[in-house]
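Trainee: Below are the structure tokens for one structure; questions will follow.
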Amino acid sequence: MTLSISPDDIRQQAVMTESKSPVSEAEMRQALRTLLLGMGEDPDREGLRDTPKRVVKALKFLTSGYHQSLDELLNGAVFHEDANEMVLVRDIDLFSSCEHHILPILGRAHVAYIPDGKVIGLSKVARICEMYARRLQVQERLTHQIAEALQGLLKPQGVAVVVEATHMCMVMRGVQKPGSWTVTSSMKGAFADDARTRQEFMSLIRHTPAFH
């Protein structure tokens, strides 16, 4: 099913992002103190005294995508253009957080679309990826959200998104498998229907995954 994002949908998303958190920053800091105590630490010792404040600040930054909307992000950077060839932005660095363990997801996204009368500023492609990445995520949903956003905003002939990432919840704990990469994709329109178009995209992004 193709998502169509209407102006009303965008306005509603903007309203949702402006809502205030039901929890105060002081309550968040107190929760961090409780966690430190549960780990057997002393939150009042010198090295940890400001840790709750720093962690809350970091978490707010890492999940700042909840407080952004496509409307404010785009800022009018959708243009009418007589173009119908593939536009590809590859190797977009991604930093996200696993919603199951709140541990880092590190990787990159490759995003392509085939215009049908409208194009988007290239930097906005990266910003869309960043907005959805800065939320608690699973990689499958992140990939889908990026593709659906572009499909809804531009109504292009097709959209393709591939995300390659390594998950610290697999590296630092659990199965403890450093060097493992997860690859997810979302293909829409011409990329889903035409094997040659899909193959052109895949050949353009082919490389050995390595995070720097």
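Trainee: Return the pair list, or none, for Cβ contacts closer than 8 Å from residues in the stretch 116-130 that are farther than 13 Å from G76 by Cα to residues that are modelled with pLDDT of 95 or more and of a type in the set (G, A, S), at least 6 apart or on different chains.
Mentor: Every condition considered, the pairs that remain are I128/A149; C129/A109; E130/G65.
Trainee: Still on this structure: Just to be sure I understand, how many residues within the stretch 182-201 are open to solvent by 40 Å² or more (accessible area, probe 1.4 Å), of a type outside the set (D, E, K, R) and either in contact with a strand residue (DSSP E or B) (Cβ under 6 Å, 6 or more places away or on another chain) or in contact (Cβ under 8 Å) with a residue 40 or more places away in the chain (or both)?
Mentor: 4
Trainee: Right, T166: over 30 Å from N84 (Cα atoms) and either at pLDDT 95 or above or part of a strand (DSSP E or B) (or both) or not?
Mentor: When the stated conditions are applied, T166 passes them.
Trainee: Condition test on I146, is it touching a Leu at 6+ places or on another chain (Cβ under 9 Å) and free of Cβ contacts under 8 Å to residues at least 60 places away in the same chain?
Mentor: Answer is no for this residue.
Trainee: Sticking with this structure for a sec: Have a look at A83, A126 and point out the one that is open to solvent by less than 80 Å² (accessible area, probe 1.4 Å) and more than 17 Å from the chain's Cα centre (by Cα).
Mentor: Exactly one residue qualifies, and that residue is A83.
Trainee: Filtering the stretch 39-58 down to residues that are of a type in the set (A, V, I, L, M, F, W, C) and over 22 Å from A165 (Cβ atoms), which residue is least open to solvent (accessible area, probe 1.4 Å)?
Mentor: Across the stretch 39-58, the extreme among qualifying residues is V56.
Trainee: Also, I was wondering about something else. Check the stretch 138-157 and report whether any residue there is open to solvent by 30 Å² or more (accessible area, probe 1.4 Å), within 17 Å of A190 (Cα to Cα) and in contact with a helix residue (DSSP H, G or I) (Cβ under 9 Å, 6 or more places away or on another chain).
Mentor: Yes, the stretch 138-157 has at least one match.
Trainee: I'd like the residue in the stretch 59-74 that is among the charged types (D, E, K, R) and in contact with a helix residue (DSSP H, G or I) (Cβ under 8 Å, 6 or more places away or on another chain) and, out of all such residues, is most open to solvent (accessible area, probe 1.4 Å).
Mentor: So the residue we want is E72.
Trainee: For A77, indicate whether it is open to solvent by less than 30 Å² (accessible area, probe 1.4 Å), at pLDDT below 95 and within 30 Å of M202 (Cα to Cα).
Mentor: Yes: the conditions hold for A77.
Trainee: So, in the stretch 107-123, of the ones that are open to solvent by less than 40 Å² (accessible area, probe 1.4 Å) and among the hydrophobic types (A, V, I, L, M, F, W, C), which residue ends up farthest from V87 (Cα to Cα)?
Mentor: Among those that are open to solvent by less than 40 Å² (accessible area, probe 1.4 Å) and among the hydrophobic types (A, V, I, L, M, F, W, C), it is A109.
Trainee: Working carefully through the options R196, R141, find the one that is within 16 Å of I105 (Cα to Cα), assigned to a helix (DSSP H, G or I) and at pLDDT 95 or above.
Mentor: Answer to the check: R141.
Trainee: Could I ask something else about it? Quick one: count up the residues across the stretch 165-181 that are under 15 Å from the mean Cα position of the chain (by Cα) and open to solvent by 20 Å² or more (accessible area, probe 1.4 Å).
Mentor: Here the count works out to 1.
The values are calculated or read from the model by the stated rules, or taken from the named source; none is laboratory data. Just so it is clear, the model here is predicted, and its values are computed rather than measured. Cβ sites come from the backbone with ideal geometry, for glycine too, and all protein chains shown count toward neighbours. Side chains are part of the model used for accessible areas, which takes the heavy atoms of the whole protein and leaves out ligands, DNA and RNA. Shrake-Rupley method; radii C 1.70, N 1.55, O 1.52, S 1.80 Å.
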